[in-house]
1. Fully extended, how many nm does the chain gain between Arg100 and Ser225 (0.36 nm per residue separation, minus their Cα-Cα distance)?
2. Using alpha-carbon positions, what is the distance between the centroids of region 169-209 and region 57-92, in Å?
3. Along the Cα→Cβ direction, 7 angstrom out, place labels at Asn38 and Gln78. What is the inter-label distance in nm?
4. For the peptides 292-302, 264-274, 157-167, 187-197, what is the packing order when you average, over each peptide's residues, the other Cβ atoms within 10 Å and list the highest mean first?
5. Could you please report the charge total around Glu125, scoring K, R as +1 and D, E as -1 over all other residues with beta-carbon less than 12 angstrom from its beta-carbon?
6. Evaluate the charge dipole of the chain about its Cα centre and quote only its size in Debye, nearest 20, assuming +1 on the Cβ of each Lys and Arg and -1 on the Cβ of each Asp and Glu.
7. Past 32 Å, Cα to Cα, is the threshold; run Lys79/Lys145; Lys126/Lys147; Lys185/Lys206 against it and keep the listed order.
8. Please label the shape of region 129-257 as rounded, prolate or oblate, based on the square roots a ≥ b ≥ c of the eigenvalues of the alpha-carbon gyration tensor (a/c under 1.5 means rounded; beyond that, a/b larger than b/c means prolate, else oblate).
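Bear in mind that the values in this text are calculations on the coordinates, not laboratory data. Treat the numbers as computed from the prediction; the structure is a model and nothing was measured. Neighbour counts run over all protein chains shown; Cβ positions are idealised from the backbone, glycine included.
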Amino acid sequence: MQKVYDFDTVILGGGPAGLSAGIYASRGAVSTALIDINMMGGQPSNYLELENYPGFPIVGGYDLMEKFEEHADRFGVQKFPMQEIENVDLISTPKIILTRESEFRAKTVIIATGAQPMKLGVSGEKEFVGRGVSYCAVCDGAFYKGKVVAVVGGGNAAIEEAMYLTKFANKVYVIHRRDALRADKIVQERAFKNDKIEFLWNSVVKEIKGDSVVSTLLIENVKTSEKKDLPVDGVFPYIGMVPNVENFNGQIEQDAKGFIVTDDTMKTSIDGVFAVGDVRTTPLRQVITAASDGAVGAVYAVKYLETLAELPQEVK
């Protein structure tokens, strides 16, 4: 039999947005639960280091998220890690979150489920995951010591991961569909100076090939349509993010890419439901903006709860 919990606010997601929301909600004197399908910390826990979080010129991703979690603990946020979510009802009153182990009832919900790397969608990608296809250089980079790898993409994540991979690989190809990078200038400059990195401009991956592991990428030049095989031992796609919204689709307003639409207070199209961090439509997805979103969303969730308290009991 499932255990039933009642909270004023339930936060879905334990990354920087969720942990920040937990801190601010608990400081607002409302009962707060934080649920995550994994351990707390989110994607930044896998980052080797960050150098753009104010106050920490260089800090390990895991170390920073550990401080976030300790801060949330200080204010009594109740954490429920490793919860497999089976169903979420955002429309009902109270709102219901069902996991395999428990039922959570909440007056407000803050969605902080983040986003995950976008797939290339080419033949061989799914088949070779864990056998040459990886979406986490920090997790898997050490397996490619002395080998040749490729990174697909041109943003900050792609270029930073490419530079990290040069710690292990003898050569790192950066495959980008345009003739210029989107990464910050300082990141670009470091990459251009790295002798282990070679850029393949105006190119896309059409197929990932191999036997038991990845051995070759089929590359196409988008301007000339010329195709060639590129021998590599591994490939790391970093072409963008898709939101983790499978539990909310059809209940809430989303943009064309599936990201949740909010106003400046992080309120969604459903009363009492807020979305923060990478899961929402936002011009920038960084640890600092996720933490900021969490603070805003939690403050306005508390304000929403205060309006409920002002209502006559019979119409709550």
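1. Values: separation 125, 0.36 × 125 = 45.00 nm, distance 4.95 nm.
Between Arg100 and Ser225, full extension yields 40.0 nm more.
2. 34
3. Those two pseudo-labels are separated by 2.6 nm.
4. 292-302, 157-167, 264-274, 187-197
5. That works out to +3.
6. The dipole of the chain has a size of about 780 debye.
7. Working: Lys79/Lys145 38 Å; Lys126/Lys147 22 Å; Lys185/Lys206 28 Å.
In this structure, Lys79/Lys145 lie more than 32 Å apart at Cα.
8. It comes out rounded by the Cα gyration axes.
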